[in-house]
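What follows is one structure encoded as C-alpha cells, with my remarks underneath.
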Amino acid sequence: KRLPEHHFVFAGVTCNEFEQYPEQLRRLRAEIGSPVQLHFDVPHEDMAELMARAAIYLHTINPPDAAFGAPIGMPISIAEAMATGAYVIARDLPELAAYVGDAGALYSDADHAERLIAATGGWSDRRWREALHRASDRGYLHHADQVVLRPMYEEWCRLLRT
C-alpha cells in the first residue's frame, strides 16, 4: 500500500509445525486489503522465473531475538535473487550484511525499506544495469554451488571425525 507503483509478490514455503501460516497470511492479506500476491510452495523452476522477472528482492526475515524471529542460517533465496541480477534489500543484520555485500542495501525497519525501494524509482537504465551486474557477480562468485558446497562438505567431514 505504501508503494502503489510497485508490484509485490510474496513467495514462501509451508514449514513443518507452521502448516497454518499460509492460511493465516491469506486471511491477514484480506483483512488489511493488501495488494501483495501470495504464493506458497512454488516449484523451483517457477521460482527461478519469478525471481528473474523481479528487479528487487526484499528479504523479510525477523531477527532471531524478535517476535516470530528465525535463525539466519544461509538464506539461499538471497543467493538465488543475486544470481538473477535482482537488487537485494535485506534486514540490517551482520550476517546478512556479509552475505549481501555490495549487491544491495540493508534496512533497519519498514520505513527504511520503503525509502530504499522508492529511491530506485529514480534510477537510470545504467544504474539498474550496474546493480544487476553487481548482484549476479556476487551471487556467482560467493554463493554458487561449486564455491559453497565443497567447504560445507569438508566441514561436515571434520565434524564427523571429532
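The values are calculated or read from the model by the stated rules, or taken from the named source; none is laboratory data. Keep in mind that this is a model prediction, so the values were computed, not measured. Every residue, glycine as well, gets a Cβ built from its backbone with ideal geometry; the counts of neighbours run over all protein chains shown. We work out accessible area using only protein heavy atoms, side chains counted, and drop any ligands, DNA or RNA first. Shrake-Rupley method; radii C 1.70, N 1.55, O 1.52, S 1.80 Å.
By the gyration tensor of its Cα atoms, with a ≥ b ≥ c the square roots of the eigenvalues, what is the shape of the range 1-92: rounded for a/c under 1.5, prolate for a/b over b/c, or oblate?
Verdict is rounded for the range 1-92.
Let a ≥ b ≥ c be the square roots of the eigenvalues of the Cα gyration tensor of the range 65-160; is it rounded (a/c under 1.5), or, if not, prolate (a/b larger than b/c) or oblate? Walk me through the numbers on the way to the answer.
Values: a/c = 3.55, a/b = 1.41, b/c = 2.52.
Because a/c hits 1.5 or more and a/b fails to exceed b/c, the range 65-160 counts as oblate.
To the nearest 10 square angstrom, what accessible area does TYR21 show with a 1.4 Å probe?
110 Å²
Rounded to the nearest 500, what is the chain's calculated 222 nm mean residue ellipticity when only DSSP H runs of at least 4 contribute -39500 (n - 2.57) each, over all residues?
On the way: 7 runs with 83 residues, N = 162.
That comes out to -16000 deg cm²/dmol.
Within the set of other residues whose C-beta is less than 15 Å from the C-beta of ASN62, count the net charge using Lys and Arg as +1 and Asp and Glu as -1.
Working: positive: ARG91; negative: ASP65, ASP92, GLU95, ASP109.
Net charge in that neighbourhood comes out at -3.
Return the carbon/sulfur percentage of the accessible area of the range 18-159, one whole number, probe 1.4 Å, all protein chains in place. Could the numbers behind the result be given before it?
Details: 5020 of 8840 Å².
In the range 18-159, the share of accessible area belonging to carbon and sulfur is 57 percent.
Assuming R0 = 25 Å, what is the FRET efficiency of ALA52 and GLU5, from their Cβ-Cβ distance, to the nearest 0.05?
On the way: r = 21 Å, r/R0 = 0.84.
The formula returns an efficiency of 0.75 here.
When the solvent-accessible surface of protein heavy atoms is calculated with a 1.4 angstrom probe, in what order do LEU106, LEU93, LEU132, LEU160 fall, highest first? List each step's numbers first, then the result.
Details: LEU106 50, LEU93 25, LEU132 75, LEU160 145 Å².
Accessible-area ranking of LEU106, LEU93, LEU132, LEU160, largest first: LEU160, LEU132, LEU106, LEU93.
Note down the net charge around GLN37, summing +1 for each Lys or Arg and -1 for each Asp or Glu among other residues with Cβ under 15 Å from its Cβ.
Here the count lands on +1.
Provide, as a two-decimal number, the C-alpha radius of gyration of the chain over 2.2 N^0.38 Å, N being how many residues it has. Let's see the in-between values first.
Details: Rg = 17.0 Å, N = 162, 2.2 N^0.38 = 15.2 Å.
Computed over Cα atoms of the chain, the ratio equals 1.12.
For the range 85-131 and the range 14-70, what is the centre-to-centre distance using only Cα atoms, to the nearest Å?
So the separation of the two Cα centres works out to 19 Å.
What accessible area per residue, rounded to a whole number of Å², is obtained for the range 41-80 using a probe radius of 1.4 Å? Present the calculation step by step, with values, prior to reporting the outcome.
Values: 2520 Å² over 40 residues.
Here the residues of the range 41-80 average 63 Å² of exposed surface.
Give the ranking of MET152, MET47, MET82, MET74 by solvent-accessible surface, highest area first, calculated with a 1.4 Å probe. Walk me through the intermediate numbers first.
On the way: MET152 60, MET47 40, MET82 0, MET74 85 Å².
Per-residue accessible area, sorted high to low, gives MET74, MET152, MET47, MET82.
Which value, in Å² and to the nearest 10, is the accessible area of THR60 when all protein chains are kept and the probe is 1.4 Å?
Roughly 80 Å² of THR60 is accessible to a 1.4 Å probe.
What distance in nm separates the two pseudo spin-label positions at ASP41 and ARG129, each 7 Å out from Cα along the beta-carbon direction?
4.3 nm
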